[in-house]
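What follows is a single structure, written as structure tokens, with notes after it.
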């Protein structure tokens, strides 16, 4: 379908402009008239709906306007849960949220969602038109709510998830702020030493007319290379960054990186446990809502924001389709701990797998919480070894020849 820019008047005679997606201009006119709006002009446009919301703003206003933040989406989820729980129709609820939106940009997003629902789209399809605001996990969870008729509970779960995710990111930033500062400061010091300090020491060492220690020769060679080829090194760094981004954009690159992330010391287990907690929550919600297991695993695989773990869940789904048990497919997936596998076995045997999955999610979340609390203490030994090695190399390379000269002078 194409996008159409329209001019229309509402019942009060006010001129309205915007962009709407439709099969043709007649379909767009029907959508507008169904909403009580009389079209004046409809023309094809290359502008998308997301950008159209800001089309009435000048370029300077668009540049300065505050973007939609994860906090906006989190509060939106909580407000929708409250409205749906109270029995308020979703169209009326969205209208109220649009009027009360603090962020003008997010208000335009809610307006587009309302227009999409008016056009007959599902809520998840309407939200999918804004991929920079609603993540694939968010959209998948909304689809689960649509399938099960439990949208209110889904939005509450999404609010809890976004709150947990925001808290986790804040604590990770807090725990890594000091180590990151130290590492970057040390790397900056290494660049200054290589570019400016060692070349001065090289002149002093040349006056010794003696064979320099191996570590000193390595430092001098590294310094000469850095001074001579620093433009090429900078260019290679920039090219490597963009090449890395392009590789991550491919399906194989994303899969390999998501798999490698799970092996990173300290961080890997936090990523794994956080992702598996999300999987368990989504599966419990789908299962308790009566969604068939195969279909539930298909939807849940989309909620896992790690392509490697998502493929493991799809492998579980394929096994269930072949008639295998959840336990057997979970063992074959090779991502669950023995304790979790035992809980899955008990849940499958007792018929209360959804309850056990909720407990598994809580267990993973507690473990993630503990890992985050101890993150600083886990990083510190690695940081100390790293810094100690760098200082040792510099000390041996720079001061060993001076010490050898002093010892020779004493003799």
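Residues that are under 30 Å from residue 223 (Cα atoms): find the helices (runs of 4 or more DSSP H) completely inside the stretch 123-204 holding 2 or more of those.
Here the list reads 151-192.
Would you check which residues across the stretch 253-268 are under 22 Å from residue 374 (Cα atoms) and touching a residue at least 40 places away in the same chain (Cβ under 8 Å) and list them? Reasoning before the result, please.
Quick first cut of the stretch 253-268, residues under 22 Å from residue 374 (Cα atoms) only: 261-268.
Answer for the stretch 253-268, where residues must be under 22 Å from residue 374 (Cα atoms) and touching a residue at least 40 places away in the same chain (Cβ under 8 Å): 261, 262, 265, 266.
Do the conditions hold for residue 347, that is, is it more than 29 Å from residue 254 (Cα to Cα), crowded, with 18+ Cβ neighbours inside 10 Å and touching a residue at least 60 places away in the same chain (Cβ under 8 Å)?
Considered against the rule, which asks whether it is more than 29 Å from residue 254 (Cα to Cα), crowded, with 18+ Cβ neighbours inside 10 Å and touching a residue at least 60 places away in the same chain (Cβ under 8 Å), residue 347 comes out as no.
Take the residues in the stretch 161-176 that are loosely packed, with under 15 Cβ neighbours inside 10 Å and at pLDDT 80 or above, then tell me which one is nearest to the chain's Cα centre (by Cα).
166
Considering only the stretch 234-260, how many residues are closer than 18 Å to residue 195 by Cβ and exposed (fewer than 11 other Cβ atoms within 10 Å of the Cβ)?
Residues meeting the conditions: 2.
Identify, please: which residue in the stretch 120-132 is out of contact with any strand residue (DSSP E or B) (no Cβ under 8 Å at 6 or more places or on another chain) and in contact (Cβ under 8 Å) with a residue 60 or more places away in the chain and is, among those, surrounded by the fewest Cβ atoms within 10 Å (Cβ to Cβ)?
Once the filter is applied, the top-ranked residue is 132.
How about the stretch 5-88: which helices (runs of 4 or more DSSP H) wholly inside it have at least 1 residues that are touching a strand residue (DSSP E or B) at 6+ places or on another chain (Cβ under 8 Å), at pLDDT 65 or above and loosely packed, with under 13 Cβ neighbours inside 10 Å? Working first, answer last.
On the way: elements: 25-34, 49-52, 59-64, 70-85.
So the answer is 25-34.
Just to be sure, is residue 133 over 28 Å from residue 365 (Cβ atoms) and outside the structural domain of residue 291 (by TED's automatic domain parsing)?
Against the criterion (over 28 Å from residue 365 (Cβ atoms) and outside the structural domain of residue 291 (by TED's automatic domain parsing)), residue 133 does not qualify.
Out of curiosity, is residue 386 surrounded by fewer than 16 Cβ atoms within 10 Å (Cβ to Cβ), in a helix (DSSP H, G or I), out of contact with any helix residue (DSSP H, G or I) (no Cβ under 9 Å at 6 or more places or on another chain) and at pLDDT below 85?
no
Condition first: surrounded by fewer than 19 Cβ atoms within 10 Å (Cβ to Cβ) and under 24 Å from the mean Cα position of the chain (by Cα). Now tell me which residues in the stretch 105-119 satisfy that.
Within the stretch 105-119, just 107 meets the criteria.
Name every residue in the stretch 211-233 that is exposed (fewer than 11 other Cβ atoms within 10 Å of the Cβ) and not in a helix (DSSP H, G or I), in order of residue number.
The answer is 211, and nothing else.
Evaluate the following for residue 221: is it modelled with pLDDT of 90 or more and on the phi < 0 side of the Ramachandran plot?
no
For every residue, the table says whether it meets (1) within 26 Å of residue 369 (Cα to Cα); (2) surrounded by fewer than 21 Cβ atoms within 10 Å (Cβ to Cβ).
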residue: 286; (1), (2): yes, no
residue: 290; (1), (2): no, yes
residue: 302; (1), (2): yes, yes
residue: 314; (1), (2): no, yes
residue: 317; (1), (2): no, yes
residue: 325; (1), (2): no, yes
residue: 331; (1), (2): yes, yes
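Would it be correct to say that residue 351 is at pLDDT below 85, farther than 17 Å from residue 269 by Cβ and in the same structural domain as residue 271 (by TED's automatic domain parsing)?
So residue 351 fits the description; yes.
The values are calculated or read from the model by the stated rules, or taken from the named source; none is laboratory data. Predicted model, so just to flag it, every value in this text is computed and none were measured. When we count neighbours, we look across all protein chains shown, and the Cβ atoms used for this are built from the backbone with ideal geometry, even at glycine.
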